[in-house]
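In what follows, a single structure is set out as C-alpha cells and then discussed.
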There are 4 protein chains.
Amino acid sequence: MSEFAQIPMKLVGPVRLSGPVMEGEYEVPLATYEAPLWPSVNRGARVSMNCEEGIQCTVVDERMTRSVLFEAADASAAFQALEKIKAVFPALQTVVEGTSRFAKLINLNSQIAGNLLFLRFEFTTGDAAGHNMCTQAAEALMNQILELHPELKYGSISGNYCSDKKATAVNGILGRGKYVIAELTIPEKICRRYLKTTPAQLVQLNIRKNLIGTMLAGGLRSANAHFANMLLGFYLATGQDAANIVEGSQGLTMAEVRDGDLYFSVTLPNLIVGTVGNGKGLDFVLENMKRMGLTEDREPGENSRRLACLCAATVLCGELSLLAAQTNSGELMDAHRRIERGQKD
Amino acid sequence: MSEFAQIPMKLVGPVRLSGPVMEGEYEVPLATYEAPLWPSVNRGARVSMNCEEGIQCTVVDERMTRSVLFEAADASAAFQALEKIKAVFPALQTVVEGTSRFAKLINLNSQIAGNLLFLRFEFTTGDAAGHNMCTQAAEALMNQILELHPELKYGSISGNYCSDKKATAVNGILGRGKYVIAELTIPEKICRRYLKTTPAQLVQLNIRKNLIGTMLAGGLRSANAHFANMLLGFYLATGQDAANIVEGSQGLTMAEVRDGDLYFSVTLPNLIVGTVGNGKGLDFVLENMKRMGLTEDREPGENSRRLACLCAATVLCGELSLLAAQTNSGELMDAHRRIERGQKD
Amino acid sequence: MSEFAQIPMKLVGPVRLSGPVMEGEYEVPLATYEAPLWPSVNRGARVSMNCEEGIQCTVVDERMTRSVLFEAADASAAFQALEKIKAVFPALQTVVEGTSRFAKLINLNSQIAGNLLFLRFEFTTGDAAGHNMCTQAAEALMNQILELHPELKYGSISGNYCSDKKATAVNGILGRGKYVIAELTIPEKICRRYLKTTPAQLVQLNIRKNLIGTMLAGGLRSANAHFANMLLGFYLATGQDAANIVEGSQGLTMAEVRDGDLYFSVTLPNLIVGTVGNGKGLDFVLENMKRMGLTEDREPGENSRRLACLCAATVLCGELSLLAAQTNSGELMDAHRRIERGQKD
Amino acid sequence: MSEFAQIPMKLVGPVRLSGPVMEGEYEVPLATYEAPLWPSVNRGARVSMNCEEGIQCTVVDERMTRSVLFEAADASAAFQALEKIKAVFPALQTVVEGTSRFAKLINLNSQIAGNLLFLRFEFTTGDAAGHNMCTQAAEALMNQILELHPELKYGSISGNYCSDKKATAVNGILGRGKYVIAELTIPEKICRRYLKTTPAQLVQLNIRKNLIGTMLAGGLRSANAHFANMLLGFYLATGQDAANIVEGSQGLTMAEVRDGDLYFSVTLPNLIVGTVGNGKGLDFVLENMKRMGLTEDREPGENSRRLACLCAATVLCGELSLLAAQTNSGELMDAHRRIERGQKD
C-alpha cells in the first residue's frame, strides 16, 4: 500500500498583502481534490494585485485552549474550589512554565454545571498550533489542582469546553487560535473587470446568502460561502491538523459599498495554525513554508502570525471569487464544466 | 514544487462489521499528520474483533442537497410562487432527469424570509457524493422556475440553506449525505481488558463531556469527542472532499450500561461520501477502494453505502478509544508521549 | 393574597394592515411592566398609518407539533419500525381524528439516534394554539404505535424534538406555530419625519446589529432587536401561553433601501397563538379579542390567523421604532428618561 | 378597556431551601394561564419538604451587560482603539460610578468584525435587574470613548452582543444575570412515593429527552423540559421583565443515581431578576416580595440573590415533577384532563 495519500497541490497567486504583520506579494500552496478551487482563488489573488494596498491582514488575538473537568460534591463545593483556584493563578502560571519553553498560561474561564466544574485554560504557544503543548500543560495543572483540592475528583483531561474540532460558540467568544481579519478595498472598475459583477450586487448577495441564508439554516457563528474549502487546501499544504477547519470555517464575510467601491473582508476568529509541530517536518511542507518566507529566524510567534495572515488572505481570495460568480446566473456551473473538461483533455 | 501534498497514510484494523448493509472484517486506510490517530483507532478495531457481532452499521437515509435563492416583490408573491412550484413537483423531477443519469429529485423544502424565497432541493445521486450533480440539477431547476415565474428574479445558485461545509442545524434535521449509525455492544471483560476502563466510567464520561460539556460550549447538534479526526483521515484516504468534515463531524456518541456490558454507538447524520467523482481516479484511492471491496459492480448507491458504513465504523473505533483513555487520569498524554518518542527513534 | 397578577395594559395604534388575510386599522392591546414599550410601538403604528398600504401580513404556514420518543433494540430495529409507521400514515391520521374535532395530522418527521426513535407529529389545530390537543393526539398515536410495534418501548410523550419553549433550530426549519411575515414600505419623507432617521441608516444598523451582532453572540435563527418585548405584551393581553415567546422571538428583521424608500419586514416563523383555549375565557381577554374583531364566527383557523397577523404587525411597529432610535446617539436613553419621568409625575 | 391584564396567580409550596444564600421554607407565587402548572410545581415542592436539606441553592455569578457598537476605518484601527480602551479600564469604571449609585463596571469583552468594534460591558447593579442602569452607563461610556477616540464613529447603543432577550450563546459563556444552581437529593422511597417513578427511570429520561432530544432539535445551550413555564409564572408574579425568559430558559437539568437515591439539579446561568425597578412598585408585587421576606433591609444585592434562589428552587420543583410524569406512559395527559375537568366544575 502507498505510504502517503497524495493530494494534488498547486501554487496560487501571487497575492498582495499589507498590514501590521507583513507586506509583500506571495504565492500560496493549496492541496485539494477539487480542481476548480485553484482558478477560483487565483481570480481573487489577481484582484488583490490590482488593488493598491492589497489585502490588509490584522491579527487581533491568539491563544490555544484546553478545558478540563472536575467533579465536586455539589455546586457549592465546586464554586468554592473555583474561587480558590482563581486566587492562585500566578502559581498555576508557574506550573505551566515547567512543562514547556513556549507555553504560557494567560487566562482561565470556567463553567459550573450542577456539581461539575469545567476549567478552560488559555495559553500562548509560540509558533506551534499547540494542541499537545496545551494538553501537557493542562495535565500538570490538573495534577496540581487535584493535589491542592482533595475535595475535587478527576473528571476528564478534556471536557469539550475547549472546544477542539467541533461546531460550538465558545471558541469565537472566548478565543481559540489566531483571530485574523483580512480586508480588501476593490475599485469599482476592477470589480467589474475581474469579477464580472458590481459592488452593489456582491453586497446584496452577501447579505442574502451569507448572513440571512446561513441564519435560516440554523448556522452558528458562521456567515460565509466556503471558508472551509480554502482552509482545507491551505492546512493540508502547510502541514496543519486539518480537522481544525471545523472551527476555522466559522467566520464572517462582510461587504459594503464605499464611495462606489467594494469593501470586502473576512473575519476568521479561529485559525489554528503553526509553523512548527506535527506535519511540519515533511519535505514538501518545509519547501512550502520556505517559499512563503516562514522558515526565517524570527521572534517566537512571528512566523505563525505570518502564516495566519497568508491563510486569511487566501480565504478572502476564494470567498470573493465564488461570491462574485454566484451573483451571475449560470456562471458557477459554467466554470466547473470548463475546468473539468480541461482536466479530461 | 511538489505536485502533491503527501499525507502519511496507514491501514488500521481489521474492523469487524455487521448489519443490513455489509458484513465482514476490513482494513481501513487513514491519512493524517497526527500519528496517535492510528493506534487509537486500532485499539477500537481490536475491540470490535473481540465482540461477536462486531460493529453493526445501519444506513437510515441518504440524499444530497442544494438550495437556491429567488427574489420576489414581497412575501405574498414569494408564497404564491412557492405553492405553484410545489404543485408541479413531478415536472421538476423530469427536469432533473434530463441533467444526469443518476440525479433524482426526491424532495423540496423552503424558507420565506421577507420577500426572499429559498428552495432546498434534495436529490439521490447514485454512488457519487453529488456536489456537482446537484449544482447542475439546481441550475436546470432554477432556469425552469424562472421561465415559468417571471415574477421571480435570480438570487443565487446557492443560498446557504443547503448547507455545504458549514456548522448549521439544517443538514441534521432535513438530511444531507448518508445518515449512518454504528453500534457496538462490548462485554464488560473486553472493556476492561482492551480499554482499561469500565462501562460505567465510560458512560459517565460520555454524559459529562460529550453531552453536557459540548452543550455548555454552545455546541450545535454535536456531542462527541473527536469525530472530525477520523473523518479527516478517512476522507483524505478515500478521495473525498474533506471540507465536508465540517458538517460530518456534527454527530452524537451514546453509551449505556446494559446488563453490565457497554452499549456504544455513534450517530452520523451527515456523511458526504462517494465511490465515484473528483479524487476517486487517483491511484492510491483506487487501491484503497479496491482493498475495501468497493470497486465491485453493484447496484448504484450500494458501494457508497458500504463506504459510509466503513467510515462510521472507523469513527466508532476512534471515538471509543479516546473516551476510554480520558476516563483515566494521565493516560492520554502518556500515549501521546509514547507515540511521539516512537516516531523519533 | 391577590388572585391575579395585574399587568399594566394599554391599547396602541391604530395600526394599518393589509394583505391576503385581513385589511383595516386596528388598536392592539399590550400588557407589560415596561412603560416605554407603548410609545415605542405607537410610533411604529403611526408610521404604518402614513404608509398607503400599511403593514402587509402574509401567513405562510401553520402547524403545531409534539414529538414522542420510543426505544428500540438497536438502530436497525428503530429504522424498520419507522419505515412501517410511515407506510400507515393514513391510519395514523384516522387515529388523530378520533381525539378531537379540530386536530388533523398533516406530517411526520423523525430522528434516529442510536437505538432511539423520535417521531415529530405535525397537526393543524383550528383556532387553538393546540398544545393540549397535540399532546392528546400524540398520546393516542403512541398507544397505537406501541400496540402495532411490540418491538418498541415507551420512551416519553415528549422527546424535546417538538420543541416547546426552547431555543432550538427545529421549529424554524420544520415549522411550529404560525409562520407570518409583516412588511412595510416607508417613504423616505415619512421615515425622516416620524422616525428621525434615513432608510440608509436604518438598513446599515440592521445589518450590523441584528445580522452581524447576533451572529457574533452565537445567536440561533435569530436576527432582531427585541421581538420578545412585543410578543410578551401581546401574548399576555390576548391570553396566550407567553412562555412560547422563547421560540416566537427567534425571527428575522430585514431592511432594504428601495428607490430611496425603506422596505422593512419582520419574519416570524413560530407564532404560537390561538383565539380559543386556556386563558381565552377571561373577561379582559374576551374584550380584547372582540375589539380586534376576533370573536366573529369564521371558518376554523381564520380568527387565529388574523390574530397572528395583528401580532406580527405589532412586532414590526416596535422593532422599527427601536431600531430607528438606535441609529441616533443618545435617543434611546432620552426616551426612557422622558417616559419614566412622566410616570413619576 | 381594562387597565390591567389579570393573570391568575396562586401560591405554591412551601418549598424547603438551603445553601449559602438562604435557608427556610417558603411559599412562592406563580401567575399563569396554564392551571396545571400549580399542582405540578406543588408536587416538586412537596418532595423538597420530604428531603432533609431541601433544595440547596448556590449563586455562582452575577452581572448585567450591554454591548455597544463602534465603526472604525478598518480592523487595524478598531484593534488599536480596543487596546487603548482596555488600558484605561479604571477610568471607565469612574465614568460608570458617575451614572448611578449602584452600577459598577466589572469587566469588558469585545469582538472585532471587519471594521466594526463591539464592546460588551459587564456591570453589577445592586438589587436591580439593571437594564436601564446599564443602558445609562453604556451611554456615558460611549460618549467618553467617542470623545477620546475621534477615529471611532457611533454605531449603536446596543449591538446585540449583549445579548438581551435572544437565543444566543454569549450570555451563558460570558455571564448575564444571576448564575444559580439548585440541587436536591431525593431518597429512593420519596421518589417512588411522591413522583411515582424511580431514580433510574428519571435519569434515563433526562439523558434521552433533555440532553439528546434537545441536541437533535438543534438546541443552543439548553437541556431541560420546561424551565420557561416556571420562569414565566415567577417573573410575572414578582414584577420582572418576563421577556427575559428567552435567555433565562437556556439552562441544564442534571440527574444521577447516587447510592440508589436521585441527585437532581437545575443550572440556570441567566436569571435576570431584581427586587427593585420597573414593576416592583405594584401592590401585588410588593405583597409577594414581602411574603418571601425580600423587602427587608439587607446589603445591596442580597435580596435579589435570595429572589434568584427562590426562582431556581421553583424551577427545580416544576422540572422534577414534569419529568417524573413523563417517565410513565399516560400520566401527563391524565393530569391535564383531571385538572381541566376540575376547572370546569
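When nucleic acids and ligands are ignored and a 1.4 Å probe is applied, C:His149 ends up with an accessible area of around 20 Å².
Each copy carries a label point for A:Pro300 at 7 Å from Cα toward Cβ; from one copy, the others' points are 4.4, 5.8, 7.3 nm away, ordered from shortest. Per residue, the accessible area of chain D comes to 30 Å², computed with a 1.4 Å probe over protein heavy atoms only. Note on D:Leu108/A:Asp334: beta-carbon distance plugged into 1/(1 + (r/R0)^6) with R0 of 45 Å gives a FRET efficiency of 0.35.
Between C:Thr94 and A:Asp61, the distance separating the two model label sites (each 7 Å from Cα on the Cα→Cβ line) works out to 6.0 nm. Ordering B:Gln93, B:Ala140, B:Ser163 by the projection of their Cα atoms onto the charge dipole of segment B:67-183, which places +1 on the Cβ of Lys and Arg and -1 on the Cβ of Asp and Glu, puts B:Ser163 at the extreme positive end. Net charge in the neighbourhood of A:Arg16 (other residues with Cβ under 11 Å of its Cβ; Lys, Arg +1, Asp, Glu -1) is -3. In this calculation the C-beta distance from B:Arg193 to D:Ala200 is compared with R0 = 25 Å, giving a FRET efficiency of 0.35. Interface residues of segment B:287-331, defined as those with an accessible-area decrease of at least 50 Å² between the chain by itself and the complete set of protein chains (probe 1.4 Å), are B:Gln326, B:Ser329.
Here chain C has 47 percent of its accessible surface on carbon and sulfur atoms, given a 1.4 Å probe and all protein chains in place. List the accessible area buried at the contact between A and B, summed over both sides and calculated with a 1.4 Å probe, in Å² to the nearest 100. Protein heavy atoms only, the A-B interface buries about 7300 Å². Rounded to the nearest 0.05, the FRET efficiency derived from the C-beta distance between C:Asn143 and D:Ala73 at R0 = 60 Å is 0.35. With respect to chain B, whose longest principal axis is taken over its alpha-carbon atoms, helix B:37-49 is tilted by about 80°. Counting only alpha carbon atoms, the long axis of helix B:131-148 and the longest principal axis of chain B meet at about 20°. Taking chain A as the reference, fit the longest principal axis to its C-alpha atoms, fit the long axis of helix A:75-87 to the helix C-alpha atoms, and give the angle between the two in degrees, 0 to 90, nearest 10. That helix lies at roughly 80 degrees to the long axis.
Per the Debye calculation on chain D with a single equal scatterer at every Cα and no solvent contribution, log₁₀ I(q)/I(0) for q = 0.06, 0.08 Å⁻¹ amounts to -0.25, -0.43. Distance from the C-alpha centroid of segment D:200-271 to that of segment C:1-52: 33 Å, rounded to the whole angstrom.
For segment B:228-241, 3J(HN,Hα) computed residue by residue from phi via the Karplus equation (6.51, -1.76, 1.60; θ = phi - 60°) reads 4, 5, 5, 4, 4, x, 6, 4, 5, 6, 10, x, 7, 6 Hz, glycine and proline entered as x. Comment: the Cα-to-Cβ extended label point of C:Lys153, at 7 Å, lies 2.6, 5.9, 6.4 nm from its counterparts in the other copies, nearest first.
Of all segments of chain D bounded by GluC sites (Glu not before Pro) found in a DSSP loop with no more than 16 other C-beta atoms within 10 Å, the longest spans D:152-295.
The local environment of C:Met289, defined by Cβ-Cβ distances under 15 Å, has a net charge of -1 under the rule Lys, Arg +1 and Asp, Glu -1. Label-to-label distances for A:Lys189 across copies, nearest first, come out at 4.1, 8.2, 9.1 nm, using points 7 Å from Cα in the beta-carbon direction. Per-residue ellipticity at 222 nm, computed for the protein assembly as shown from helices alone with -39500 (n - 2.57) per DSSP H run of at least four residues, works out to -12000 deg cm²/dmol.
Neighbours of B:Arg305, meaning other residues whose beta-carbon lies under 14 angstrom from its beta-carbon, give a summed charge of -3 when Lys and Arg score +1 and Asp and Glu score -1. Taking all protein chains together, B:Arg338, C:Arg305, D:Arg46, C:Arg120 sort by accessible area into B:Arg338, D:Arg46, C:Arg305, C:Arg120, largest first [probe 1.4 Å]. Absence of a disulfide-compatible partner, taken as no other cysteine beta carbon within less than 4.7 angstrom, is noted in chain D for D:Cys51, D:Cys134, D:Cys162, D:Cys191, D:Cys311, D:Cys317. The Cα-based radius of gyration and maximum Cα-Cα distance (Dmax) for segment C:63-156 are 12.7, 40 Å.
Sequence-ordered 3J(HN,Hα) estimates for segment C:258-275 from the Karplus curve with 6.51, -1.76 and 1.60 and θ = phi - 60° stand at 10, 6, x, 8, 9, 8, 9, 9, 10, 10, 10, x, 9, 7, 9, 9, x, 9 Hz, glycine and proline given as x. Shown for segment B:51-69: residues covered by the partner protein chains by 50 Å² or more of accessible area relative to the chain by itself (probe radius 1.4 Å), namely B:Val60.
Nearest chain A C-beta to the A/C rotation axis, reported as residue and distance in angstrom, is A:Leu211, 2.
Model label points for C:Glu27 and C:Met49, set 7 angstrom from Cα along the Cα-to-Cβ axis, are 1.1 nm apart.
Once C-alpha pairs closer than 8 Å and six or more residues apart are averaged by separation and normalised to the residue number of chain B, the relative contact order reads 23 percent. Overall, chain A carries a charge dipole of about 760 debye about its Cα centre when +1 sits on the Cβ of Lys and Arg and -1 on the Cβ of Asp and Glu, all other atoms neutral.
The values are calculated or read from the model by the stated rules, or taken from the named source; none is laboratory data. What you see is a predicted model; the values in this text were computed from it and never measured. Glycine also receives a Cβ, built like all others from the backbone with ideal geometry; neighbour counts cover every protein chain displayed. The accessibility values were calculated without ligands, DNA or RNA, using every heavy atom of the protein model including side chains. Shrake-Rupley method; radii C 1.70, N 1.55, O 1.52, S 1.80 Å.
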